[in-house]
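Report on one structure; see the data block that follows.
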Amino acid sequence: MSIETPEQLEALRAAGRVVADAIRAMRSRALAGVSTKELDEVAARVFARAGARSGPQLDYGFPGTTCISVNDQAVHGIPSKRRLKDGDLVKLDVTAELDGFYADACVSVPVGRARGSDIRLANASRQALNSGLRAARAGTPINEIGRAVETTVVSFGYAVCRDLTGHGIGRRIHEEPNVPSFYHPRFDQPLTEGLVITIEPIIAAGNAEVSDAGDGWTLKTRDGSRAAHFEHTIVITDETPIILTA
Ligand code: MF3
Ligand code: CO
Ligand code: CO
């Protein structure tokens, strides 16, 4: 969506706060021995208290409140009895709907004693998101976001999962336009003031091809290498974007 009134901005800010609160609560519980279902219930409680609903459940019938993906699982992991282990890399991807407005964010969190390689991988995704945020302003072609994101990812020696893109958001999870995390000449339409989008580099340590994990939702890397993912929902302005999910 594109924001047209101060009331719409306030409503989106409120949805963004619920997402940030849920992620904060979840990450403090992302410990060895905790199941991904238990982590999902942490988010469900934050949502319930705020009067928010799960975006993935609402829009797609996703079997969980949030998407929780571990290690080689890149996105859309289903919360389950799987218990987190020391050295896992867990992605907490949270989309809330509040009063008809949506916000979406993701963090990658190492469990317990992290591998150095996972810290570096997560760092690359976070820095790539920051590069994308710096590129995102009114008048700039949308593919400059992807160029900035991918340049950072490649500078670390990693690859972008090209099947998975950022997106417009606001009244649904997935709206126009697509926001690829790589440069594509076709995506040259200029960003406009008030446009609400996500930026979300999903990257792999090895080959970035993903495939169905067999449960109808989870996508994992084909080669079993680990994936990292950071995401914010932002509003495009004349200068630095408003981050709704900070
Ligand atoms: N949070 C996901 C995104 O960033 C959307 C998940 S919807 C699902 O685009 F139903 F596919 F899980
Ligand atoms: Co998301
Ligand atoms: Co998203």
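The values are calculated or read from the model by the stated rules, or taken from the named source; none is laboratory data. Note that this is a predicted model, so its numbers are computed, not measured. No Cβ is skipped: glycine too gets one built from the backbone with ideal geometry, and neighbour counts run over all protein chains shown. Note: areas computed on protein heavy atoms with side chains; ligands, DNA, RNA excluded. Shrake-Rupley method; radii C 1.70, N 1.55, O 1.52, S 1.80 Å.
In whole percent, what relative contact order does the stretch 6-243 give with Cα contacts below 8 Å and a gap of six or more residues?
Worked out over the stretch 6-243, it gives 20 percent.
In nm, what is the difference between 0.36 nm times the number of residues separating residue 31 and residue 223 and their Cα-Cα distance?
Going from the current span to full extension adds 66.5 nm.
Please give the Cα centre distance for the stretch 70-86 versus the stretch 177-219, rounded to the nearest Å.
A separation of 20 Å, based on Cα centres.
Taking the Cα centre of the stretch 6-243 as the origin, how large is its charge dipole in debye, to the nearest 20, when only Lys and Arg (+1) and Asp and Glu (-1) carry charge on their Cβ atoms?
920 debye
Which residue, chosen from 103, 124, 236, occupies the Cα position most advanced towards the positive end of the dipole of the stretch 6-243, where the dipole is computed from +1 (Lys, Arg) and -1 (Asp, Glu) charges on Cβ about the Cα centre?
So the residue furthest toward the plus end is 124.
Over the stretch 43-164, with every protein chain in place, what whole percent of the accessible area is carbon and sulfur at 1.4 Å, could you tell me?
Here it works out to 48 percent.
Placing unit charges on C-beta atoms (Lys and Arg positive, Asp and Glu negative, everything else neutral), compute the dipole magnitude of the stretch 13-53 about its Cα centre in debye, rounded to 20.
The dipole magnitude comes to about 200 debye.
Ignoring ligands, DNA and RNA, how do 85, 91 rank by accessible area with a 1.4 Å probe, largest first?
In descending accessible area the options line up as 85, 91.
Heavy-atom accessible area per residue, the stretch 6-243, 1.4 Å probe: how many Å²?
42 Å²
With springs only between Cα atoms under 10 Å apart, run a GNM on the chain and tell me which of 146, 166, 112 wobbles the most.
Largest GNM mean-square fluctuation: 112.
Rank 19, 152, 68 by how far each Cα sits towards the positive end of the charge dipole of the chain (+1 on Lys, Arg Cβ; -1 on Asp, Glu Cβ) and give me just the farthest.
Highest projection toward the positive end goes to 68.
Springs between alpha-carbon atoms under 10 Å, Gaussian network over the chain: tell me which of 128, 48, 25 tops the mean-square fluctuations.
Comparing 128, 48, 25 in the GNM, the peak value goes to 48.
Under 11 Å from the Cβ of residue 159, count the other residues' Cβ atoms, weight Lys and Arg +1, Asp and Glu -1, and hand me the total.
-2
Convex hull volume of the Cα atoms in the stretch 6-243, per residue, in Å³?
106 Å³
Calculate, for residue 183 and residue 24, the FRET efficiency according to 1/(1 + (r/R0)^6) with r their C-beta to C-beta distance and R0 22 Å; round to the nearest 0.05.
For residue 183 and residue 24, the calculated efficiency is 0.10.
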